[in-house]
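Input: a single structure, listed below in structure tokens.
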Amino acid sequence: MKLYANNKCLDLSVPQIMGILNFTPDSFSDSGQFFSLDKALFQVEKMLEEGATIIDIGGESTRPSFLYNDADEVSEQEELHRVVPVVEAVRSRFDCWISVDSSKAVVMREAASVGMDLINDIRALQEPNALETAVKLALPVCIMHMQGQPRTMQANPHYENVVQDVLAFLQKRTNECLSDGVQKENLIWDMGFCFGKSVQHNYQLLQNLNEFCQNGYPVLAGLSRKSMIGAVLNKAVDQRVIGSAAGALIAAQKGAKILRVHDVAATSDMLKVWQATENA
């Protein structure tokens, strides 16, 4: 299984690490500590040295506002202003895959023009013009399941059967993307851990992640430092490194091909030990 973009190839025969760069003043996990270009580039270099092959750049915090009482909507112009210069700067300095975490068609388009390789859309190309933009750009795209909207999604999530419901959504949305012209080899699935799911829902999804991998699309797992980890450990966001690495290991063992994480070094060490065991 491989992804192709901008004359690059990403080999998914082994799980790849996607390092998170939240270029926002209000991200849940890093409190905006990388919200300046110099600091952002320093963090990118660090994550690449630690073993990331993809950098995921986001200009809008999607944390649930009922938990944090904020996380304002970001305007199109503000998101462009945040994201595009970072993509351009990373592309000019580093040889890595650049993912952009956005649902806005104009952000996808502008980011692609300065070197984005992958669209990471938590709204699964459902915003205006997003799908047709993704088709035109012909880049790999990750579609995610979310119940509700980021600001309210964690208020009272409900499913008949969370595994079957999320799987059905991803299958249906995939068919819509394919029929509109997205290439099959460009699609990536994300179950959307903690996006409109209770703690139990999240662990049911993690337990059954292998079911999602049987559909022929690489699965991206993003559970780093999230509330599903915090709920089990009863620890603050910055004390969830080991719990997050354990979650990433379980995801990898069950077939996830991209691990979206904050703590690259810990995840990389974990993968090396797991792979040494697999290859012994």
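The values are calculated or read from the model by the stated rules, or taken from the named source; none is laboratory data. From a predicted model like this one, the values you see are computed outputs, not experimental measurements. Note that we place each Cβ from the backbone using ideal geometry, even for glycine, and neighbour counts take in every protein chain shown.
Listed here are the residues, each with its yes/no results for (1) at pLDDT 95 or above; (2) surrounded by 21 or more Cβ atoms within 10 Å (Cβ to Cβ); (3) over 28 Å from Met228 (Cα atoms).
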position: Tyr4; (1), (2), (3): yes, no, yes
position: Ile54; (1), (2), (3): yes, yes, no
position: Gly59; (1), (2), (3): no, yes, no
position: Asp72; (1), (2), (3): no, no, no
position: Ser75; (1), (2), (3): no, no, yes
position: Lys104; (1), (2), (3): no, yes, no
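One residue stands out among those in the range 91-120 that are touching a residue at least 60 places away in the same chain (Cβ under 8 Å) and outside any strand (DSSP E or B): the one that is nearest to Gly51 (Cα to Cα), which is Asp117. Starting from residues that are part of a loop (DSSP other than H, G, I, E, B) and either modelled with pLDDT of 95 or more or among the basic types (Lys, Arg) (or both), keep the ones in the range 126-144 and report whichever is surrounded by the fewest Cβ atoms within 10 Å (Cβ to Cβ). This residue is Ala138. Counting the residues of the range 184-199 that are within 26 Å of Tyr4 (Cβ to Cβ), in contact with a Pro (Cβ under 9 Å, 6 or more places away or on another chain) and not in a helix (DSSP H, G or I) gives 3. Across the range 221-230, not a single residue is classified as in a helix (DSSP H, G or I), modelled with pLDDT of 95 or more and in contact with a strand residue (DSSP E or B) (Cβ under 7 Å, 6 or more places away or on another chain).
Any residue that is loosely packed, with under 15 Cβ neighbours inside 10 Å and either at pLDDT 95 or above or of a type in the set (Ser, Thr, Tyr) (or both) - is there at least one of those in the range 200-207?
Residues of the range 200-207 that are loosely packed, with under 15 Cβ neighbours inside 10 Å, as a first pass: 200, 207.
Keeping just the survivors that are either at pLDDT 95 or above or of a type in the set (Ser, Thr, Tyr) (or both) gives 207.
Yes, the conditions are met somewhere in the range 200-207.
Just one of the listed residues (Asn175, Asn156) is surrounded by fewer than 16 Cβ atoms within 10 Å (Cβ to Cβ) and more than 30 Å from Tyr4 (Cβ to Cβ), namely Asn156.
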